[in-house]
1. With the structure loaded, tell me whether V40 is farther than 18 Å from R137 by Cα, without any contact (Cβ under 8 Å) to a residue 60 or more places away in the chain and under 11 Å from the mean Cα position of the chain (by Cα) or whether it fails that test.
2. Does any residue in segment 10-32 that is on the phi < 0 side of the Ramachandran plot and without any contact (Cβ under 8 Å) to a residue 60 or more places away in the chain come within less than 8 Å, Cβ to Cβ, of a residue that is surrounded by 15 or more Cβ atoms within 10 Å (Cβ to Cβ) and in a loop (DSSP other than H, G, I, E, B) six or more places away or on a different chain, and which pairs are these?
3. Might you check whether a residue that is β-branched (V, I, T), out of contact with any Ser or Thr (no Cβ under 9 Å at 6 or more places or on another chain) and more than 15 Å from L85 (Cα to Cα) occurs anywhere in segment 134-146?
4. Answer with yes or no whether S95 is closer than 21 Å to V53 by Cα, modelled with pLDDT of 90 or more and surrounded by 13 or more Cβ atoms within 10 Å (Cβ to Cβ).
5. Scan segment 62-79 and tell me whether some residue there is among the charged types (D, E, K, R), assigned to a helix (DSSP H, G or I) and modelled with pLDDT of 95 or more.
6. Give just the number: which of (1) over 21 Å from F134 (Cα atoms); (2) under 17 Å from the mean Cα position of the chain (by Cα) does D4 not satisfy?
7. Name the single residue, out of those in segment 51-92 being hydroxyl-bearing (S, T, Y) and out of contact with any helix residue (DSSP H, G or I) (no Cβ under 8 Å at 6 or more places or on another chain), that is surrounded by the most Cβ atoms within 10 Å (Cβ to Cβ).
8. If we keep just the residues of segment 121-138 that are touching a strand residue (DSSP E or B) at 6+ places or on another chain (Cβ under 7 Å) and touching a residue at least 40 places away in the same chain (Cβ under 8 Å), which is surrounded by the most Cβ atoms within 10 Å (Cβ to Cβ)?
Amino acid sequence: MLHDSHQRRLIINRCWLIYDLITKKFNPLHEFHIEFPSFVELALISGYLQVFVEITRKGCSLRIHEEYDFIEHMLIIKVYNYNLLDKSKHSIIRSDSLPHHRFDYKGHNLSHFPDHLHDEKGRICSFSGKIEDFVKRASEIIESEGQD
């Protein structure tokens, strides 16, 4: 897919930003560190990153999916889906950029449409669309539930 070295570098930088977020906030299994370079390689070939990683000893996991595009010399995340899953692989919280919700659960316009978050109660909430914010929220939930 990618032939431009600048585009390849942007994807590599994005992938390693995600790796840093995960490894600084959570304690993933050893296999994650070994497998991650192959996730990066697939992202370079396909233009999307797909990561599934167990982040707690009690079986909670993160599923991260991002699809990339480029406008001029900038990396654009055209579609994403972030999920925090319990040990049964049921969603605890999830966020995506699909334009299927315009309003939060209180009836207010989403502040960063189409980005939104489905919270622990399944309610639609405004969300920045930044993976940093999702990982922070996920780590707060895990800490509050003593899941780590």
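The values are calculated or read from the model by the stated rules, or taken from the named source; none is laboratory data. Keep in mind the model is a prediction, meaning the values are calculated, not measured. We place every Cβ from the backbone using ideal geometry, glycine too, and count neighbours over all the protein chains shown.
1. Spelling it out, it is not the case that V40 is farther than 18 Å from R137 by Cα, without any contact (Cβ under 8 Å) to a residue 60 or more places away in the chain and under 11 Å from the mean Cα position of the chain (by Cα).
2. Within 8 Å, the pairs are P28/I55.
3. No.
4. Answer is yes for this residue.
5. no
6. Condition not satisfied by D4: (2).
7. S61
8. A138
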